Amino acid sequence: MRRPLLAGNWKMYKTLAEAEATASALKVRLKDVAGRDVVLCVPFLYVEAVGGLLLDSEIAVGAQNLFYEEKGAFTGEISGPMLKSVGCDYAIVGHSERRQYFRETNQDVNKKAKAALKAGLTPIVCVGETLQQREDGVTESIVTTQINESLEGLNKGDMLGTVIAYEPVWAIGTGRTATPEQAEEVQALIRNLLAHAFGKDVAEQVRILYGGSIKPENIYELMRQPDIDGGLVGGASLDADSFEKIVRFEDQRP
Ligand code: 13P
């Protein structure tokens, strides 16, 4: 079976002192946690400090983005090898906020996923439809294009080192979670697309996370779905108490 992965995305929140305090609290609270992977995707600026703090813990550290070139005259950008050199293990790629506010395309996402893999980072590749697209009935075709174009050219080994996150844009930060059935429907579609492109054997091993208004109150039912292998958690990951509860999803049975 696939090992659950619970990932926090802190977005552009917290000062360094706040980041260290939350990471330290989680390190203590999650000391005994087993049978799952946990990662905190923090602002670039805190990757080294938070990663150092979590060195001898059950929690890994990740970034929220990276640039696809290894080095060069790219003012303001951060590369995969740079992240790896400060202890980073994961990088979120193609988050809807980056697609929306920074005009990232599926082709950019594809280059970033490949750059992350080349640097030895696990990319968490995000896909998901907007409210308008859902209402227009084009969720399936939008997600299909996002998956196919974002993963173009990856081989089976690359795919096994990649995580997918389905984050419907209308559920992000809105308090409006997708129902477990709505999420499962798209996540099963994604697994079928992976089977088509990389073979059933690979598709069965890839972790597909759900993201969008995850809370301690809804994680249990989401995790019961066959194609939901974990969560990408925004707001509720900023607080140690609520993120601990989400990581311990089995205990949140309503
Ligand atoms: P929220 O959990 O705040 O809705 O954010 C989800 C998200 O965008 C995680 O990447």
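Figures for the structure shown
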item	result
Filter result (in contact (Cβ under 8 Å) with a residue 24 or more places away in the chain and either within 16 Å of the ligand (Cβ to nearest atom) or more than 15 Å from Pro123 (Cβ to Cβ) (or both)) within the range 76-98	Val86, Gly87, Tyr90, Ala91, Ile92, Val93, Gly94, His95, Ser96, Glu97, Arg98
Glu97 part of a loop (DSSP other than H, G, I, E, B), farther than 18 Å from Ile208 by Cα and not small (Gly, Ala, Ser)	no
Leading residue by the ranking (nearest to Cys41 (Cα to Cα)) among those in the range 204-254 that are polar (S, T, N, Q) and touching a residue at least 40 places away in the same chain (Cβ under 8 Å)	Ser237
Count - residues of the range 1-41 that are hydrophobic (A, V, I, L, M, F, W, C), part of a loop (DSSP other than H, G, I, E, B) and more than 16 Å from the ligand (Cβ to nearest atom)	4
From Leu189, Leu193, residue being away from the ligand (no atom under 16 Å from the Cβ), closer than 20 Å to Ser96 by Cβ, in contact with a Ser or Thr (Cβ under 7 Å, 6 or more places away or on another chain) and in a helix (DSSP H, G or I)	Leu193
Hits in the range 54-68 (condition: surrounded by fewer than 19 Cβ atoms within 10 Å (Cβ to Cβ) and of a type in the set (A, V, I, L, M))	Leu55
Glu135, sole failed condition from (1) over 29 Å from Ser85 (Cα atoms); (2) open to solvent by 10 Å² or more (accessible area, probe 1.4 Å); (3) in contact with a Ser or Thr (Cβ under 9 Å, 6 or more places away or on another chain)	(3)
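The values are calculated or read from the model by the stated rules, or taken from the named source; none is laboratory data. Note that this is a predicted model, so its numbers are computed, not measured. Methodologically, a virtual Cβ is constructed for each residue, glycine included, from the backbone with ideal geometry; neighbour enumeration extends over all protein chains shown. Note: areas computed on protein heavy atoms with side chains; ligands, DNA, RNA excluded. Shrake-Rupley method; radii C 1.70, N 1.55, O 1.52, S 1.80 Å.
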